[in-house]
Structures are given as C-alpha cells and as structure tokens.
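The values are calculated or read from the model by the stated rules, or taken from the named source; none is laboratory data. Treat the numbers as computed from the prediction; the structure is a model and nothing was measured. Neighbour counts run over all protein chains shown; Cβ positions are idealised from the backbone, glycine included.
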Amino acid sequence: MSPTPLFHARGLAKVYRMGQVEVPALRGVDLDLFPGEFVVILGPSGSGKSTLLNILGGLDAPTAGSVQFKDHQLTEASETELTRYRREHVGFVFQFYNLIPSLTALENVSLVTALADSTPGMKPADPAETLRLVGLGDRLDNFPAQLSGGEQQRVAIARAVAKRPDVLLCDEPTGALDVETGKLVLAALQRANRELGTLTVIITHNASVAGMADRVLRLRNGAIASDERNSTPVAPDALSW
Ligand SMILES: Nc1ncnc2c1ncn2[C@@H]1O[C@H](COP(=O)(O)OP(=O)(O)OP(=O)(O)O)[C@@H](O)[C@H]1O
Ligand SMILES: [Mg+2]
C-alpha cells in the first residue's frame with residue numbers, strides 16, 4: 001500500500017496576466033508530496049519554481065487545476081481559510097530572513113511558538129531547543145544585527161519549524177549566502193527534517209544540492225521535466241559545490 005500524500009496536486013496551471021500579455025508560469029503540473037520527504041526543486045530561472053511553491057503554500061492560486069492538502073481542497077478555500085492554513089500548517093523560509101530586528105533570536109522564535117501555543121490543535125516545539133537543533137544554542141540572546149547572514153537564516157529556519165508545521169517551504173534559502181555558510185544552512189534544514197519529520201521542499205539554483213535530497217524535481221517551462229528519488233542522500237558537507 002502506498003502512503004497517503006500530504007499534497008495531491010493535479011493539472012496545476014498558472015497564467016499571469018500583465019495587461020494584454022499572458023505569461024504562462026505553470027502548464028499542467030501533477031504532483032504528490034509525502035510526509036517527511038526532503039525534496040529539492042531545480043530548474044532554470046522562470047521555469048515556475050516559485051509559482052509552484054507559492055501555490056502549495058496558499059500564497060497564490062492556480063488558474064486551473066486543484067491542490068488537495070490532507071482532506072482539504074486548497075483551491076476551493078476562502079482567503080480566511082488560506083490564512084489559517086498558512087498559519088497552522090506551513091513554514092516558509094525565503095532568501096531574506098525577515099527577522100524582527102528589535103527581538104533576540106530566542107524572542108523571534110518564541111513569538112511564533114506563543115501564537116501556536118494558544119491555537120487549538122497546534123503543538124509547537126520548545127524555541128530554545130529548536131535553536132539548538134539548528135546549531136544556535138549559544139546565540140539565543142543575540143539580536144539579528146549581531147548575527148551573520150547564515151546565522152540569521154538559521155534563526156528563520158528555527159522560527160519556521162518551531163511551530164511544527166506539516167510542510168516547510170524554502171525558496172532559495174541559501175541564495176544570499178556564500179558556499180560554506182550555505183552548507184551550514186542546508187545542514188540545519190536536513191537536521192530539522194530528520195528530527196521533526198517535516199516535509200521539506202527547497203528551491204535552489206545549485207544542482208549539487210540534489211545530492212542531499214530524498215527526491216529531486218526538475219521544472220522546465222512550467223512543467224515537471226523529471227522527478228527522481230535518491231536512495232542515498234548525503235550530508236551537505238559531502239556535496240561538491
Ligand atoms: N506576479 C507575476 N506577474 C507576472 N508574471 C509573473 C509573476 N510571477 C511570476 N511571473 C512569471 O512567471 C514565470 C515563472 O516565474 P517563477 O517566479 O515561478 O519562476 P522561478 O522558476 O521561480 O524563477 P527564478 O529561478 O528566477 O526565481 C516567469 O516567466 C515569470 O516572469
Ligand atoms: Mg523563484
């Protein structure tokens with residue numbers, strides 16, 4: 001028996017309209033994503049990677065097709081339901097960290113876990129524990145300006161996973177970082193994925209990141225060009241960059 005997918009997307013299409021011009025961003029994507037997977041999405045600029053991620057995260061709606069998350073049809077959800085879906089089920093990590101500058105690392109994470117704590121059905125992780133998980137146990141009281149870019153990104157990862165979302169969606173999480181720092185960030189993502197079992201989807205321009213994934217999707221021209229499983233994912237340290 002095959003496991004139940006967390007996401008079941010069929011026939012996803014997205015056309016952006018810019019005045020009279022229509023820009024097709026996705027052209028018929030079928031995709032099932034499973035709990036606990038570590039998925040890397042590769043593809044040239046403009047191939048639809050961010051569009052796909054934003055649709056899965058309930059930040060954007062497809063022009064055609066459907067996305068089912070567990071028992072819910074995201075494509076039929078109201079704005080209020082989508083806001084709740086994002087808050088309760090999705091963690092986002094973007095290229096820029098968007099931490100609150102006046103709060104310490106611990107406070108940035110605690111803000112999110114406190115909100116989750118007061119939400120029925122949510123069971124957030126301990127904020128300090130989560131910062132330790134991403135290797136920042138000795139930086140709890142630092143403000144963002146006192147942290148390197150890679151450390152700030154790891155705070156952002158801790159913040160996103162600490163509410164224990166069902167899925168962590170990362171759009172070029174290492175895009176602003178040098179190679180060594182990028183590897184630390186990827187190691188933090190891999191560790192969080194393994195320890196917490198969160199389905200993790202990472203968009204990257206760096207093809208060598210594929211080596212650490214359970215599954216590699218390649219997008220081309222708004223369609224899935226390949227979808228491969230990797231039975232021997234490695235740690236980011238072992239990737240040749
Ligand atoms: N808000 C928008 N309005 C109009 N066109 C858009 C919009 N967002 C994306 N597009 C277009 O849709 C296509 C897919 O964009 P998308 O951002 O998904 O690509 P991507 O694979 O993430 O690229 P990159 O690697 O450069 O981030 C592109 O042609 C892009 O110009
Ligand atoms: Mg993009």
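Observations
- Counting only residues that are under 15 Å from residue 185 (Cβ atoms) and not in a helix (DSSP H, G or I), region 214-241 holds 3 of them.
Per-residue answers, yes or no, for (1) more than 17 Å from the chain's Cα centre (by Cα); (2) of a type in the set (S, T, N, Q):
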| position | (1), (2) |
| --- | --- |
| 78 | yes, yes |
| 97 | no, no |
| 107 | yes, no |
| 111 | yes, no |
| 117 | yes, no |
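- A search for C-beta distances below 6 Å between a residue of region 168-181 that is charged (D, E, K, R) and any residue that is within 16 Å of ligand 1 (Cβ to nearest atom) and assigned to a loop (DSSP other than H, G, I, E, B), counting only pairs 6+ apart in sequence or on different chains, returns 171/94; 172/95.
- A residue that is of a type in the set (Asp, Glu) and more than 17 Å from the chain's Cα centre (by Cα) occurs somewhere in region 53-75.
- Across region 128-138, the qualifying residues are those that are under 19 Å from the mean Cα position of the chain (by Cα) and under 14 Å from residue 164 (Cα atoms), and the one among them that is modelled with the lowest pLDDT is 133.
- Filtering 228, 180 for residues that are over 18 Å from the mean Cα position of the chain (by Cα) and modelled with pLDDT of 95 or more leaves a single hit, 228.
- Applying the condition of being farther than 23 Å from residue 124 by Cα and surrounded by 14 or more Cβ atoms within 10 Å (Cβ to Cβ) to region 75-88 and asking which residue is nearest to ligand 2 (Cβ to nearest atom) yields 75.
- Candidates 144, 165 - the one that is over 16 Å from the mean Cα position of the chain (by Cα), surrounded by 19 or more Cβ atoms within 10 Å (Cβ to Cβ) and of a type outside the set (A, V, I, L, M): 144
- Test result for residue 92, under 26 Å from residue 209 (Cα atoms) and touching a Leu at 6+ places or on another chain (Cβ under 6 Å): yes
Quick grid of which residues meet (1) assigned to a strand (DSSP E or B); (2) more than 9 Å from ligand 1 (Cβ to nearest atom); (3) in contact with a Gly (Cβ under 7 Å, 6 or more places away or on another chain); (4) of a type outside the set (Lys, Arg):
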{"residue": "8", "(1), (2), (3), (4)": "yes, yes, no, yes"}
{"residue": "17", "(1), (2), (3), (4)": "yes, no, no, no"}
{"residue": "23", "(1), (2), (3), (4)": "yes, no, no, yes"}
{"residue": "28", "(1), (2), (3), (4)": "yes, yes, yes, yes"}
{"residue": "54", "(1), (2), (3), (4)": "no, no, no, yes"}
{"residue": "60", "(1), (2), (3), (4)": "no, no, no, yes"}
